[in-house]
1. Out of Glu14, Glu47, report the one residue that is at pLDDT below 90 and surrounded by 17 or more Cβ atoms within 10 Å (Cβ to Cβ).
2. Please return the ranges of helices (runs of 4 or more DSSP H) entirely within region 41-156 where 2 or more residues are in contact (Cβ under 8 Å) with a residue 12 or more places away in the chain and aromatic (Phe, Trp, Tyr).
3. Could you list all residues from region 122-168 that are surrounded by 15 or more Cβ atoms within 10 Å (Cβ to Cβ), polar (S, T, N, Q) and within 25 Å of Phe95 (Cβ to Cβ)?
4. It is to be established whether one or more residues within region 71-89 are loosely packed, with under 14 Cβ neighbours inside 10 Å and over 30 Å from Gly149 (Cα atoms).
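The values are calculated or read from the model by the stated rules, or taken from the named source; none is laboratory data. Not measured: the values here are computed from a predicted model. All Cβ positions, glycine included, derive from the backbone under ideal geometry; neighbour counts span all protein chains shown.
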Amino acid sequence: MKPIATTRSATGIETGKLAVWWVLASEVVIFGGLLASYVMHRLGHPEWADAAAVTNTTIGAVNTFVLLTSSLTAVLAHQAAERGDGPRAARFLGFTILGALTFIGIKAYEWSYEISHGYTIMSNTFWSFYYTAAGLHALHVIAGAIIMGFVAMDARKNLELHRVELIGIYWHFVDVVWIFLFPLLYIAK
């Protein structure tokens, strides 16, 4: 049985789900502003193509695959939760967390390589945008993995299974943001 706060609704949408959508709306404003600023600066600075040429498209593509795969496991977790199979949902959330950790590990390797070759946040405006956008995204990946860990602990006990969907909605947002970042930071050279 869900607590009353999660079932009450004046809008026809469960309170928890509405809260997640409000959070994501604010995140769209943050990432939208950052990406719009990036695009405007990129259009006005053709020399950014030289800096962007340094980014490793293969690493970006591998990280894209990792995130999209983790989205699949988030969907499978939601399906298991809908069937009332909390332990299975928790296992799929564990795979999603593994995807998040893999993404962060690859990003750490990539950044250490770039920084060791002199491409830092202070190198030029492209690298400032690159590290800010990718770093903000990475923080969202880390936050999602941590929250998912708590949701998985409850799901394993068949508790609060509705939260599996909520963290899944958040996780898909994180993936969609990366789908915008990948071409802007890695492909558009």
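1. Matching residue, one of Glu14, Glu47: Glu14.
2. 86-116, 125-156
3. None; the set is empty.
4. There is no residue in region 71-89 that is loosely packed, with under 14 Cβ neighbours inside 10 Å and over 30 Å from Gly149 (Cα atoms).
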